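One structure below.
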Amino acid sequence: MTAEESLKSILDTFKESFIGELVPGIVHNFANPLNGIMGRAQIMERRLKEMIARFEKEHPAITAEYTPVFEKLKRDISAINQESDRFFSMFRDVSDKFNALQCATVERIDFARLLSLELRFAEHYLEFKHGVIKEMVPFDGQLEIQGPPRIYSVALWGLFRYVHQRMGKGKTNRLKVEVAKEAECVRLDLTYDVAGNVPLMEAGYEGLLKNVSDILSPRGAKIEVKSLPPQEVLSVFFPLLS
């Protein structure tokens, strides 16, 4: 075996262990210090407010003199708390994504929640985050499907990835995500700009959509693509849980 073949073998082994073993460990190791930072920041904010209130009561003259300093400290600690909450939200999205990828048992799935999670997870692709203007049309109601979460998580990732590949580089694209109840199905419509005369993100996107169709078809879902230049509409019909 050559050095290149050995490297490929090791990388393949690493990839196989990534979702099932490595990511849960990374999530666990990140969770402890993150919880510590959030907890201490909240305590600092509370203690600062208590200290300022005490100073105002016992030393009003000193408080007036140091008001600009106190206000700056309050803004700084508030910013730390806000950024910690934002970091926790992103951390939870990644954690929920990989939990879904590992779940192979049949479960009731809140489709709108899963879709929102997958769209937020897709934001970790920086081209998708900064080069695509997303519009999520809210759905008022409960939409439940049934099956292994890993199937639908992978399928939704594939759909967003396909859509992103159909868009062009070097321009601002638009994506509209809409969910509706239709007969006994959940209908997901993705309306997006197509590449036109600009380079595609990647080649081979047709195979990706076929793979998504292949894993969804046994669960009774179907995919349709309509061309409405300069856009396309990708519709997916998921059977509702009866």
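The values are calculated or read from the model by the stated rules, or taken from the named source; none is laboratory data. Being a predicted model, the structure only gives us computed values, none of them experimental. Cβ placement follows ideal geometry from the backbone for every residue including glycine, while neighbour counts extend to all protein chains displayed.
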* Structure fact -> With the first residue restricted to segment 94-112 and required to be assigned to a loop (DSSP other than H, G, I, E, B), and the second required to be buried (at least 19 other Cβ atoms within 10 Å of the Cβ), Cβ contacts under 6 Å at 6 or more apart or on different chains are C103/P149; V106/G147
* To do: Could you check, for segment 169-183, whether at least one of its residues is within 25 Å of V27 (Cβ to Cβ) and either surrounded by 15 or more Cβ atoms within 10 Å (Cβ to Cβ) or touching a residue at least 60 places away in the same chain (Cβ under 8 Å) (or both)?
  => no
* Asked: Could you say which residue among K129, K134, K74 is surrounded by fewer than 19 Cβ atoms within 10 Å (Cβ to Cβ) and either at positive phi or not in a helix (DSSP H, G or I) (or both)?
  -> K134
* Residue within segment 216-233 that is among the aliphatic types (A, V, I, L, M), surrounded by 15 or more Cβ atoms within 10 Å (Cβ to Cβ), modelled with pLDDT of 90 or more and not in a strand (DSSP E or B) present -> yes
* Structure fact -> Log entry, pairs with first residue in segment 224-242 being touching a residue at least 24 places away in the same chain (Cβ under 8 Å), second being surrounded by 10 or more Cβ atoms within 10 Å (Cβ to Cβ) and aromatic (F, W, Y), beta carbons closer than 9 Å, six or more apart or on different chains, reads Q231/Y192; E232/Y192; V233/Y192; L234/Y162; L234/Y192; F238/F111; F238/Y152; L240/F111
* Asked: What number goes with the only condition from (1) in contact with an Asp or Glu (Cβ under 8 Å, 6 or more places away or on another chain); (2) modelled with pLDDT under 95; (3) outside any strand (DSSP E or B) that L156 does not pass?
  -> (2)
* To do: Give segment 192-215 a look and list any residue that's assigned to a loop (DSSP other than H, G, I, E, B) and either at pLDDT 85 or above or at positive phi (or both), or say none.
  => V194, G196, G204
